[in-house]
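Read through the structure below, which is laid out as structure tokens, and then see the notes.
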Amino acid sequence: MTDNPNKGAAFFVGYRPMPAALTRWYRSLAVLLIAASGLGGYWLGAQQAGAGPGDWDTTATVTAQGVLMLRPYPALHRLNPAHPGGVESLLLVRQGKHSADSWARDFDRQWVSVRGYPVTRGRWTMLEIPGEDAISAAPDSGTENLSGHRRQLRELLEIAPLGAAELAGEIVDSKCFLGVMKPGAGPLHKACAELCLRGGIPPILVAKDAQGQQLGYLLAHADGASASVALAQFAADPVRVTGQLQRQGGLLLLRVDEDGVRRR
């Protein structure tokens, strides 16, 4: 009769304490698996694209004064406090997935004061208006300095045609993309972007230049009217857009040709 080669080896029986040798082995295995899971999770996270540098500050409202223009989307234009001689254009939206058209309509091309929560990303700034009373006619002090500022601003708001353009990129809803949602672009955000655009949120074409820098172009119909609803079907899809490019204040606007959007 030959000896059993496993005689004396540690053996686990469910109703008895685990042998010390097996306890040490499983403890080491558990530590190894936990470490591997942590490293694997870190690696997977590192492969994901960043959510973007946008910021949405809901801690306090800010107030800005300037000229409100309704087309193609409500925006407050003011002399840029950071760059003398330039214009800062702040897109205006309501809370939720709603355009600010109904609240801004009575103030088109007037000097107004607007209060809202700032949404910022790069050179873009948006104000989310908390209520209808957040837009009001700005007090007119009648001072020569204020009148000069208004005259200078109106001159800077003259539309500057930049010619025909064909651009490739992704159409996003500006509110989420600028910082209200993260991520505010891409296929995972498509359903939300469509709802925002159908609610009148201004659409932006996010494209890249030859150096890989991300640029944004506000999109409108060829006649300068809002194109939010018409472009909702293209949200989050890779597209190529043709139209006429122009600058007004701090906004780059692409007036899209009829049938000027096609998926890539």
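The values are calculated or read from the model by the stated rules, or taken from the named source; none is laboratory data. Here the structure is a predicted model, which is why all the values come from computation and not from measurement. Areas reflect the complete protein model, heavy atoms only, side chains present, ligands, DNA and RNA absent. Shrake-Rupley method; radii C 1.70, N 1.55, O 1.52, S 1.80 Å.
In table form, for the structure just shown:
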{"quantity": "Antiparallel DSSP beta bridges within segment 91-131, percent to nearest 5", "calculated": "65"}
{"quantity": "Chain lengthening between V229 and I159 when straightened (0.36 nm per residue, less Cα-Cα)", "calculated": "22.8 nm"}
{"quantity": "Whether segment 85-208 is rounded, prolate or oblate, judged on the alpha carbon gyration tensor where a/c under 1.5 counts as rounded", "calculated": "oblate"}
{"quantity": "1.4 Å probe accessible area per residue over segment 67-203, in Å²", "calculated": "47"}
{"quantity": "Extended-chain gain in nm, criterion 0.36 nm per residue less alpha-carbon gap, R247 and D133", "calculated": "38.1 nm"}
{"quantity": "Over the chain: helical MRE at 222 nm, DSSP H runs n ≥ 4 each giving -39500 (n - 2.57), nearest 500", "calculated": "-6500 deg cm²/dmol"}
{"quantity": "Considering only the chain, percent of DSSP beta bridges that pair antiparallel, nearest 5", "calculated": "85"}
{"quantity": "Of every Cα-Cα pair in the chain, the percent that sits beyond 33 Å", "calculated": "36"}
{"quantity": "List D106, D237, ordered by accessible area with a 1.4 Å probe, largest first", "calculated": "D106, D237"}
{"quantity": "Contour excess over end-to-end distance, with Cα ends at K208 and A60 and 0.36 nm allotted per residue", "calculated": "50.0 nm"}
